[in-house]
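Input: a single structure, listed below in structure tokens.
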Amino acid sequence: MMLGPGPRLAAALSLLGPLAACTAIPPASGPATPPLSVPGPVQIPPQAPPAPPSEGFRTPRLQQVPGLEWLYRQDARGLAGALGNPRLDLVEGDMRKQQFANSACVLDVFLYPLGPGAEPVATHVEARRASDGQEVDRRACAEALRRR
């Protein structure tokens, strides 16, 4: 049995109703919004060194770990002589961080100037296991890395 044009046409028109609702133009409600303007390439200004603290120079505190007196107050050159070349040497403002390592441990030495304009020297030390990052004895790690 074949359907005539009437039922087919009715079926097709019933599908057009929901589609027509999707393409309906909403009524205007007020002034048109201006198109968004896309700015051109953003220029990043050159990075300047950080400004010194407004309250002036602050003398860092020296960490006190018995057995590490030989390490404290060493500059970068002195540390290289005692521990070898650092595997990491970071400078941030007037602070410097040097990292020394072997298969057993990683030693982070933080150097800060002890006076305005002075060369940074070792003031703080942290140590951890190379395998899992767990904290280890600072003195034992430094001694394991120390050149004799």
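The values are calculated or read from the model by the stated rules, or taken from the named source; none is laboratory data. These numbers were taken from a predicted model, which means no experiment stands behind them. Here the Cβ is made from the backbone with ideal geometry for all residues, glycine too, and neighbour counts use every protein chain on show. With ligands, DNA and RNA removed, areas are computed over all heavy atoms of the protein, side chains included. Shrake-Rupley method; radii C 1.70, N 1.55, O 1.52, S 1.80 Å.
The charge dipole of segment 84-148, taken about its Cα centre with unit charges on the Cβ atoms of Lys, Arg (+1), Asp and Glu (-1) only, comes to about 320 debye. So how far, in whole Å, is the C-alpha centre of segment 122-148 from the one of segment 80-96? First find each Cα centre; the distance between them is then 14 Å. Normalised per residue, the accessible area of segment 80-148 is 56 Å², obtained with a 1.4 Å probe and no contribution from ligands, DNA or RNA.
Seen from Leu83, the other residues with C-beta closer than 10 Å to its C-beta sum to a net charge of +2, counting Lys and Arg as +1 and Asp and Glu as -1.
Ignoring ligands, DNA and RNA, what percent of the 1.4 Å accessible area of segment 50-127 is carbon and sulfur? Summing carbon and sulfur atoms, their accessible area is 51 percent of the total for segment 50-127.
In this simple spin-label model, placing a label point 7 Å from the Cα along the Cα-to-Cβ direction at both Asp132 and Glu92 gives a separation of 2.7 nm.
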